[in-house]
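Let me begin by presenting the structure, written as C-alpha cells, before commenting on it.
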Amino acid sequence: MLQAEKEQWNRLKDKPFKEKFSYFWYYYKFHTLGILFAIFCIVMFVIAYKENSKEPSIYVALINSNYMTSVETPLMDDFVKSRNIDTNTNPAKFDISMTMTNGLADDGSVANSQKLMALFNGHDVDVIVADKWVIEEYASLSAFCDLKELLPEELYAQIEDKLFYYTSEDGTTTAIGFYGHSISKLMVNGGYSPENPPIVTIASTTERTDISVDFIRYLLEN
C-alpha cells in the first residue's frame, strides 16, 4: 500500500464505519466489482457444469415449432409429472430453440442444422418433432428408427393410420414417424399449424429407447 494511503487509513482508524466505507468504496469500488463479477462467473460456470454433466432422463426437440418459450406448452412438465421423473437427478431436456428454413442456408439454419447433427452423433437426442422437409432431409442419413420394429403392437396400432413413410434410394420404405396434427399436446397454443403438421420421430442414435417409446405413449394418452 502506498504511503499516502497508509496515512489516510490511519486518519480513518477512529472514524465511523460509514466514513470508512465511503472512502473504501470511492477508491476501490471498481476493484471490488471486478472481483465480485469474477466470483459470479466462476459460480455460474460450476453450476452449469454440474447441471450439464447430469445424465438426462430424455431429450425432446421440437424443431420449427411456434413456441417462443417453454412456458407456452405444459408438454414436458406434464410428461415428467406423469412418469414421476426426478429431474434434479436426471433432467428432462426440452429443446424448442432450433428453427430452420427450407432451401435457405442462413446463419441460423446452418447453425441449428449443425447442432442437430451433433445431437445425433453424440447420442444425445431421443424424440424429434419437426415439419416434413426437416424429417425427410435427415431421413436420408438414416437418422430415425423404424417405428414398426420399435413400438409395441398396441402402440403401433394407435398410429398406424397416421404413419409417415420414407423411401430410401434402394426402394425400401420405412415408417420413420407419424403425423401429430391430431395430438392436442403438440398443437396447444398453436405449437404447429394444421397446414404444416408436425411429424413425431425417434432418433436412431438414441440410447434411451424405453423412455422414448414411453414419450410416444404419453403423447397418445387422453
Please determine whether any residue of segment 84-104 is in contact (Cβ under 8 Å) with a residue 60 or more places away in the chain and either among the aromatic types (F, W, Y) or in a loop (DSSP other than H, G, I, E, B) (or both). no
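For segment 163-177, give me the residue count where each residue is of a type in the set (G, A, S) and either outside the structural domain of I199 (by TED's automatic domain parsing) or closer than 22 Å to E153 by Cβ (or both).
As a first pass, look at segment 163-177 and keep what is of a type in the set (G, A, S): 168, 171, 175, 177.
From what's left, either outside the structural domain of I199 (by TED's automatic domain parsing) or closer than 22 Å to E153 by Cβ (or both): 175, 177.
Total satisfying the criteria: 2.
Which helices (runs of 4 or more DSSP H) sit wholly inside segment 118-222 and have at least 1 residues that are in contact with a Lys or Arg (Cβ under 9 Å, 6 or more places away or on another chain) and either of a type in the set (A, V, I, L, M) or crowded, with 21+ Cβ neighbours inside 10 Å (or both)? I'd like the intermediate steps shown before the answer.
Details: elements: 132-139, 147-150, 153-159, 184-187, 209-220.
It comes to 153-159, 209-220.
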D131 vs (1) out of contact with any helix residue (DSSP H, G or I) (no Cβ under 9 Å at 6 or more places or on another chain); (2) over 19 Å from G191 (Cα atoms); (3) among the acidic types (D, E): all pass except (2)
Whether any residue in segment 51-66 is surrounded by 10 or more Cβ atoms within 10 Å (Cβ to Cβ), aliphatic (A, V, I, L, M) and either over 30 Å from D77 (Cα atoms) or at pLDDT below 70 (or both) is what I want to check. no
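The values are calculated or read from the model by the stated rules, or taken from the named source; none is laboratory data. Everything numeric in this text was worked out from a predicted model, so none of it was measured. Cβ atoms come from the backbone with ideal geometry, glycine included; neighbour counts cover every protein chain shown.
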